[in-house]
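The values are calculated or read from the model by the stated rules, or taken from the named source; none is laboratory data. Not measured: the values here are computed from a predicted model. All Cβ positions, even for glycine, are placed from backbone atoms using ideal geometry, and neighbour counts span all protein chains on display. Accessible surface areas use protein heavy atoms only, side chains included; no ligands, DNA or RNA. Shrake-Rupley method; radii C 1.70, N 1.55, O 1.52, S 1.80 Å.
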Amino acid sequence: MFALLFLAASAARAGEIKTLMRDMKSAMRGAMGSSTMAQFSGYVARLEGDVTLASRQPYRSDPATYREGMQALQREFGPVDEAIRANDLAGAKKQLAKIDRTKRHYHDLLN
């Protein structure tokens, strides 16, 4: 009985991570396709929220690499947020592209 509950909980967590990752991908696309700072900042807020939620999820396969990747992503939002405050859409998109590269790097490491 306990084993079934544990497996169900693990599957639910894996499902949550996948859902968050899909939403991150959608938010990234939306942000990069934005033509106004208001649109862009809304997508970035969604993306940051997803990263925060995903960073709280356990990752059984390689927890150290997962945690390292989540922390790297969170740190890289600083320059994006600075560009948003400066109303520099092109600069913000450039910084967000760096986050996308980091995300891909860790995704490759974990898969």
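Between P79, P63, the distinction of being surrounded by 14 or more Cβ atoms within 10 Å (Cβ to Cβ) and farther than 18 Å from G30 by Cα belongs to P79 only. Scanning segment 24-77 for residues that are among the hydroxyl-bearing types (S, T, Y) and either farther than 15 Å from K103 by Cα or in contact with a helix residue (DSSP H, G or I) (Cβ under 8 Å, 6 or more places away or on another chain) (or both) returns S34, S35, T36, S41, Y43, T52, S55, Y59, S61, T65, Y66. Assessment of segment 92-104 against the conditions (over 13 Å from M28 (Cα atoms), modelled with pLDDT of 95 or more and open to solvent by 50 Å² or more (accessible area, probe 1.4 Å)) yields no matching residue.
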